[in-house]
Amino acid sequence: MKRTIRVPVLAGVAIALASAHLPAQSQAPRSSSLQVAVGTAVAQPGTEVHLPVTLRKGAEKNIVKVTSRLRFPKTLTFVEAEPGLGAEIAQGQVKAELSKQEYPNHRVLELTVTAKGPLPDSVLTVLIFEVSTEVRVGSHVKVDNLQARAWSQANKEIQPASAQGGTVLVVETLFVPSCFFYMH
């Protein structure tokens, strides 16, 4: 009797379909430059979405403070910023404040991660947003990283720091992979 395992194939097809809807992002070559990047996530209208903010230090070793200025449309509502693994390892604190200045179509978030020890290459924080129920399925909601800055343990600003934005892909339903053997 021939048995066919379809779960890995179906999971692969679902992942390929989901990734086909994500915008192409340029992959910066590994270099000595410092980079603060917002990730990409998938969400449904009316749900929360978790966007990672990552640090790639390049040649820098002793970064203890990172700031970033993020702009996002009003179809996203900022909920909170949770410390990522990098901030926790370096005994860091995450502070996120919405700009008091009013803009017609977007909001600006000032993000600061300050640590007692050097921050590693990793996720600094996870930003949690609520996606509006008014967002159309298939939309690509951009979170722009307007500016990134970093400081060393000697309180010296490190130049240059590149900033990369992220995207929330709004879908009708989320694919939840499950284990065929566990369910039977």
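The values are calculated or read from the model by the stated rules, or taken from the named source; none is laboratory data. From a predicted model like this one, the values you see are computed outputs, not experimental measurements. Note that each Cβ is placed from the backbone with ideal geometry, even for glycine, and that neighbours are counted across all protein chains shown.
Only one of (1) of a type in the set (A, V, I, L, M, F, W, C); (2) more than 27 Å from Val141 (Cα to Cα); (3) in contact with a helix residue (DSSP H, G or I) (Cβ under 8 Å, 6 or more places away or on another chain); (4) at pLDDT 95 or above fails for Val64. Which number is that?
It is condition (3) that Val64 fails.
Looking only at the stretch 82-126, filter to residues that are among the hydroxyl-bearing types (Ser, Thr, Tyr), in contact with a Leu (Cβ under 9 Å, 6 or more places away or on another chain) and touching a residue at least 12 places away in the same chain (Cβ under 8 Å); which one of those is surrounded by the most Cβ atoms within 10 Å (Cβ to Cβ)?
Only one residue fits best here, namely Thr125.
Within the stretch 105-136, which residues are over 14 Å from the mean Cα position of the chain (by Cα) and among the hydrophobic types (A, V, I, L, M, F, W, C)?
Scanning the stretch 105-136 gives Val108, Val113, Ala115, Leu119, Val131, Val135.
Confirm whether Leu124 is in contact with a helix residue (DSSP H, G or I) (Cβ under 6 Å, 6 or more places away or on another chain) and within 25 Å of Val42 (Cα to Cα).
Against the criterion (in contact with a helix residue (DSSP H, G or I) (Cβ under 6 Å, 6 or more places away or on another chain) and within 25 Å of Val42 (Cα to Cα)), Leu124 qualifies.
Looking at (1) modelled with pLDDT under 95; (2) closer than 16 Å to Ser122 by Cα; (3) in contact with a helix residue (DSSP H, G or I) (Cβ under 8 Å, 6 or more places away or on another chain), can you tell me which one Leu55 breaks?
The failed condition is (1).
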